[in-house]
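Data first, discussion second: the structure below is written as structure tokens.
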Amino acid sequence: MTGKRLGPILTALAAVGAGFVVLAIGLAASGYDPVVALGALGRGAFGSWYAFGSATLVRAIPLILLGLGVALAFRGGALNIGAEGQFYAGAIAATWVGIHVAAWPSGLAIGAVWSAAAVAGVIWISVPVLLKVRFGVMEVISTLLLNFVAEAAVSYAVTGPLQEAKRVYPQSDPIAATARLPLLPGSRLHGGIVVAVVLAVILWVLFTRTRWGFRLKAAGLSPEAARVSGGIPVLRVVAGALLWSGALAGLGGGVEISGVTYTLFQNLSPGYGFTAIAVALLARLNPLGIILSGTLFGALEAGAQGMQREAGVPAVAVQVAEATIILAVLLAEVLARRAAARSISAPDPA
Amino acid sequence: MTGEAAVLAGFLAAAIRISTPLLLAATGEMLNERAGVINLGIEGAMLAGALASAVGAAAGGPWAGTLGAVAAGLIVAGIFATVAIGARCDQIISGTAITLGSVGLTGAIYRRAFGSGGPGLSLPTFPSVPIPGLSKLPVLGPALFDQPVLTYVAWILVPVAWWFLFRTWWGLALRATGESADAARASGVPVRRVQMLATVTGGAMAGLAGATLVLAQVGTFAEKMTAGRGFIAIAIVVLGRWRPAGVLLAALLFGSASALQFAFQAMGLTVPYQLFLVMPYGLALLALAGGVGRAKAPAGLGKPA
């Protein structure tokens, strides 16, 4: 039992270790001092309470929400590579609603902003879902392509309909005070962390304790068997999972607007939608694990900013570590499968 | 030339220039998809090729840049092939990770090689090479026959790919691998080796596509400059129904859609520029919706062999 629980954690730690080793090699090969750079990264993420609470955890919030969204789709065997686009769709809707709710009570305003964000995420992913159900288009490519459309939509919004009243910078006016999330005093940590953790727990219960969770898993593991012997309407289950996945990613955009930036601008996300894939895979699509892996990648993103400030290494370099972690997790799964196959075929030594 | 003819010639020339990197990347991706391997890492290979071409060209001229780009594409696709074919990991997720890592590494190297003041970077690029006689044809001449040499290379590779796929034993082995790896293996095809070779060839062509972007189109490197062109190339393969001539036509369609921007500007029409920005992606989605239903993908696409 302990071995079974420990296995995934050790694998995850090994994957993260591999990620840092490859990042260090990559930095050294590009002509940076890896010790200086990684030191700055560590300080940026964990160097002080402010670094941890106001940088690491603040970045963990969208990563947990988007990671949950990605995991939800992946569980059903659907690869939503478009969380970035759904995040932006949610952010646009949240900003638009948030500007117009100044007269509302705060709870209602925040609820409206988040609902709009989640709905926008659903609308954004409904195109790939429709293409998949109606025409059999792989959701991988359609969700991926829509990321670029979403970025262009943000660019249009902040230079057109949503641009600030002064019309100086390509950004929106800030959302109403009523739509902003409460902050933990003395920090930038906002109430979104509660939402992220609560949703993770809810999803964990849904995944492991309900018929829906079982059907989703069955559809993901073997669609053919689920359909034929399980009588599960696979396409409907998977389409539903994709729509909910879009809702979570869209909500992530709304929470970022209402908790962190209050305004919409281009490059709002440093690639959260892609990092979320690493978050979900490192946690093996387990929602409770995503709380941990989301925090870890939040630290990586926060540390990346520190690395850029202190060591002059572009923050984007940490994507090398993220990519390595994804590949290491994939490799570990393949190795585990092979080991399992060997232990079945080999005669039992006892 | 009259005004309309000049606009048309300019439009065609731009369409062909813009479609060249797409054509190269898509022809390469078509090869590995025909072998049953879908490589989302070609976006990363193209980006690595673009940066390598900039570094190489700054050091030793455009041909050195081209060579560096091909090598970079080979390496990136080689890493993908090791993970996805060698270790049989999920191709989609491996490819996504490879692209993610390429964005990170190129960003770091670029800042180190050229500093943060990137736009000041000026590179030796490929000039247009007019083909004697043909380039004097009205309208079509300057569009088709007054292009940088890499454009001609891209066009020549189309019949070469056709000849290879449909007229050689290795082409047959490659297609058999993509349709049914087991059947191909049973008839003596070294399935994994075929997939590996097809994938690194595809990567080399994606690298070359990156070089085209930098050395024959934009003239400089910028972070994330491929902007999803590798993914669009994958949509082009679908629209072109995994056939060389189809891929050529599909690439031209995408090039034309993007080139409309210049035609509109020349005609003095004002439309939000974001509309042109999204045109290729919207077109790709339409292409997937319209093309997938009837076209047949290689039966073994994406499945580990």
Select, from A:Val313, A:Val279, the only residue that is surrounded by 22 or more Cβ atoms within 10 Å (Cβ to Cβ), more than 18 Å from the chain's Cα centre (by Cα) and within 14 Å of chain B (Cβ to nearest Cβ). A:Val313
Mind listing just one residue for me: the one in segment A:151-178 that is in a helix (DSSP H, G or I) and open to solvent by less than 60 Å² (accessible area, probe 1.4 Å) and, of those, farthest from the other protein chains (Cβ to nearest Cβ)? A:Thr178
Filter segment A:185-198 for residues that are open to solvent by 80 Å² or more (accessible area, probe 1.4 Å) and within 23 Å of the chain's Cα centre (by Cα) and give the result. A:Arg188, A:Val194
Evaluate the following for B:Thr125: is it assigned to a loop (DSSP other than H, G, I, E, B) and either within 14 Å of chain A (Cβ to nearest Cβ) or among the β-branched types (Val, Ile, Thr) (or both)? yes
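Would it be correct to say that A:Leu264 is open to solvent by less than 10 Å² (accessible area, probe 1.4 Å), more than 14 Å from chain B (Cβ to nearest Cβ) and of a type outside the set (Gly, Ala, Ser)?
Working: open to solvent by less than 10 Å² (accessible area, probe 1.4 Å): yes; more than 14 Å from chain B (Cβ to nearest Cβ): yes; of a type outside the set (Gly, Ala, Ser): yes.
Considered against the rule, which asks whether it is open to solvent by less than 10 Å² (accessible area, probe 1.4 Å), more than 14 Å from chain B (Cβ to nearest Cβ) and of a type outside the set (Gly, Ala, Ser), A:Leu264 comes out as yes.
Return the residues of segment B:183-203 that are open to solvent by 20 Å² or more (accessible area, probe 1.4 Å), under 16 Å from B:Val37 (Cβ atoms) and not polar (S, T, N, Q); say none if nothing qualifies.
B:Arg185, B:Pro190, B:Arg192, B:Arg193, B:Met196, B:Leu197, B:Val200 - these are the residues of segment B:183-203 that are open to solvent by 20 Å² or more (accessible area, probe 1.4 Å), under 16 Å from B:Val37 (Cβ atoms) and not polar (S, T, N, Q).
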Give just the number: which of (1) closer than 30 Å to A:Glu139 by Cα; (2) away from chain A (no Cβ under 11 Å) does B:Gly61 not satisfy? (1)
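Any chance segment A:199-213 includes a residue that's assigned to a loop (DSSP other than H, G, I, E, B) and open to solvent by 80 Å² or more (accessible area, probe 1.4 Å)? Write out each step before concluding.
Filtering segment A:199-213 for residues assigned to a loop (DSSP other than H, G, I, E, B) gives A:210.
Next, only the ones that are open to solvent by 80 Å² or more (accessible area, probe 1.4 Å) stay: none.
No; the residues of segment A:199-213 include none that is assigned to a loop (DSSP other than H, G, I, E, B) and open to solvent by 80 Å² or more (accessible area, probe 1.4 Å).
State all residues of segment B:240-270 that are open to solvent by 50 Å² or more (accessible area, probe 1.4 Å) and hydrophobic (A, V, I, L, M, F, W, C); if no residue qualifies, say none. Break it down into steps so the answer makes sense when it comes.
Taking segment B:240-270 as the starting set, the residues that turn out to be open to solvent by 50 Å² or more (accessible area, probe 1.4 Å) are B:241, B:243, B:245, B:249, B:253, B:260-262, B:264-270.
Selection gives B:Ala245, B:Leu249, B:Leu253, B:Leu260, B:Phe262, B:Phe264, B:Ala266, B:Met267, B:Leu269.
Going by what's in this entry, would B:Gly68 be described as facing chain A (nearest Cβ under 9 Å) and under 22 Å from B:Ala216 (Cα atoms)? Let's see the steps before the verdict.
Values: facing chain A (nearest Cβ under 9 Å): no; under 22 Å from B:Ala216 (Cα atoms): yes.
Criteria not met by B:Gly68.
The values are calculated or read from the model by the stated rules, or taken from the named source; none is laboratory data. Treat the numbers as computed from the prediction; the structure is a model and nothing was measured. So basically every Cβ, Gly included, is an ideal-geometry build from the backbone, and we count neighbours across all protein chains shown. The accessibility values were calculated without ligands, DNA or RNA, using every heavy atom of the protein model including side chains. Shrake-Rupley method; radii C 1.70, N 1.55, O 1.52, S 1.80 Å.
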